[in-house]
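Below you'll find the structure, written out as structure tokens, and then a few comments.
The values are calculated or read from the model by the stated rules, or taken from the named source; none is laboratory data. This one's a predicted model, so the numbers in the text were calculated from it and none came from an experiment. With ideal geometry, Cβ positions are generated from the backbone for all residues, glycine too; neighbour counts draw on all protein chains shown. For the accessible areas, the whole protein counts, side chains as well, though only heavy atoms, and no ligand, DNA or RNA atoms are used. Shrake-Rupley method; radii C 1.70, N 1.55, O 1.52, S 1.80 Å.
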Amino acid sequence: MRVFTLKKNLNEAVKTEKKSGKTVGFVPTMGALHDGHLALVKKSLQENPVTVVSIFVNPTQFDNPEDLEKYPRFLERDLHLLEKTDKNLIIYLPLAEDLYEGSVRAKPYDHGGLDRVMEGAFRKGHFDGVATVVHLLFNAVQPDKAYFGEKDFQQLRIIQHMVDKEKLPIEIRPIPIYREKDGLAMSSRNLRLTDEMRQAAPFIYKSLMKAREMAEQGFTPSEIKQKIRELFSRSPLELEYFEIADEKKLKPAGDFKENKHYRGFIAAYAGNIRLIDNMRLK
Ligand code: AMP
């Protein structure tokens, strides 16, 4: 496994690989790796002779300083897991000033309205931070394909939009959500849950399943939303939002149209840990 911290050195190594005609897959992460992250890495390994994995807790996408400070960091363990997955991986551990070329700040992006709802509405500046760092990482790595989880579905759509708008020659590959046995979506933040909240957290998945069942039975989005809010009011979790939106434009749905796919999106607090999840309803 080769590990790089400077953009210039990484870029040279990747260029050498590309010169021999190899395609490069890229998996950006914030570390504290779990099987969801590794699924992205394995997919890239299947599809490309060269895979780059980055680990970088990007300060510009956090709207909450405590969340940034307490974000789990397990670099040694992450490197061990990656080495076990494939010895030929290229690992990029950016230094913030080198990646950002000086001031570590988010740039404003036009997200085509995709940021108006859900994470964009509740975490101010979050997607500018995400788009800025992913754009910088793409410039550093110059991959052919990049792998993103549907766990962060709105992020995935925003990255696809950024790549189209900036005309970057990169194919964005979505990967389905990996869950624990009890349905809880895998997340680095799950490590911070108390035992009590870890037991309560699969309620998020159960309510998405309930929403899907109701959608199949012909209930309207507003009826489903009302029901889910009611269920949360009787749970130990605190619902921040439950939204139903179409997968393409992420516009909140008034009704379900035949030719479109819709997802339910949840953000909820389990104690003081904020969790997100989503599921296709129709
Ligand atoms: P993160 O380290 O949380 O920034 O995540 C890095 C990448 O892994 C993102 O593309 C996430 O969407 C993806 N990811 C995180 N958790 C999961 C999961 N449970 N299933 C699938 N992909 C995931």
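Once the piece of chain linking Leu81 and Glu17 is laid out straight, how much longer is it, given 0.36 nm per residue of separation minus the C-alpha distance between them?
Result: 20.7 nm gained on full extension.
Of the options Phe219, Leu33, Leu184, report the single residue whose Cα projects farthest towards the positive end of the charge dipole of the chain (beta-carbon charges: Lys, Arg +1; Asp, Glu -1).
Projecting each Cα onto the dipole axis, the largest value belongs to Phe219.
Of the lysine pairs in the range 183-282, how many meet both conditions: Cα atoms under 17 Å apart, and a spacing of 8 or more in sequence or different chains?
The result is 19.
To the nearest 10 degrees, how steep is helix 75-85 against the longest Cα principal axis of the chain, on a 0 to 90 scale?
80
Would you work out the charge dipole size for the range 108-254 about its Cα centre, treating the Cβ of every Lys and Arg as +1 and the Cβ of every Asp and Glu as -1, and quote it to the nearest 20 debye?
Dipole about the Cα centre, nearest 20: 120 debye.
Working from the alpha-carbon coordinates of the range 1-129, get Rg over Rh, Rh being the Kirkwood radius.
0.99
Taking every pair of distinct Cα atoms and averaging 1/r, then inverting, what Kirkwood hydrodynamic radius in Å comes out for the range 100-141?
10.9
Based on the mean of other beta carbon atoms within 10 Å per residue, what is the order of 96-102, 122-128, most packed first?
My ranking of the peptides, most packed first, is 122-128, 96-102.
Taking the 0 to 90 degree range and rounding to the nearest ten, how far is the long axis of helix 153-165 tilted relative to the main principal axis of the chain, both from C-alpha atoms?
So the helix axis and the longest Cα principal axis differ by about 50 degrees.
With +1 on each Lys and Arg Cβ and -1 on each Asp and Glu Cβ, and nothing else charged, work out how big the dipole of the chain is about its Cα centre, in Debye to the nearest 20.
520
Mind ordering 221-228, 200-207 by average Cβ neighbours within 10 Å, highest first?
Ranking the peptides 221-228, 200-207 by packing returns 200-207, 221-228.
Averaged per residue, what accessible surface does the chain expose to a 1.4 Å probe, in Å²?
50
Rounded to a whole number, what % of the accessible area of the chain do carbon and sulfur atoms account for, probe 1.4 Å?
49
Note down the magnitude of the dipole of the range 188-277 about its Cα centre, charges +1 on Lys and Arg C-beta and -1 on Asp and Glu C-beta and zero elsewhere, to the nearest 20 debye.
I would put it at about 200 debye.
Measuring from the lowest to the highest alpha carbon on each principal axis, how far does the range 1-46 reach, largest first, in angstroms?
31, 24, 15
Checking the cross-link filter: which lysines have an alpha carbon closer than 23 Å to that of Lys15, excluding same-chain neighbours under 8 positions apart?
Excluding near neighbours in sequence, the set is Lys7, Lys42, Lys43, Lys87, Lys145, Lys167.
Most mobile of Ala32, Ala121, Ala245 per a Gaussian network model of the chain (Cα springs, under 10 Å)?
It is Ala121.
Once every DSSP H run of n ≥ 4 in the chain is given -39500 (n - 2.57) and the sum is divided by its residues, what mean residue ellipticity at 222 nm do you get, rounded to the nearest 500 deg cm²/dmol?
Calculated from helices alone, the mean residue ellipticity at 222 nm is -12000 deg cm²/dmol.
Angle between the Cα long axis of helix 221-233 and the longest principal axis of the chain, 0 to 90 degrees, nearest 10?
Computed tilt is about 90 degrees.
Per residue and in cubic angstrom, what volume does the convex hull of the Cα atoms of the range 188-277 have?
Cα convex hull per residue, to the nearest whole number: 91 Å³.
Taking the Cα centre of the range 67-155 as the origin and placing charges on Cβ (Lys, Arg +1; Asp, Glu -1), which of Leu82, Gln154, Leu99 is farthest toward the positive end of the dipole?
Of the listed residues, the answer is Gln154.
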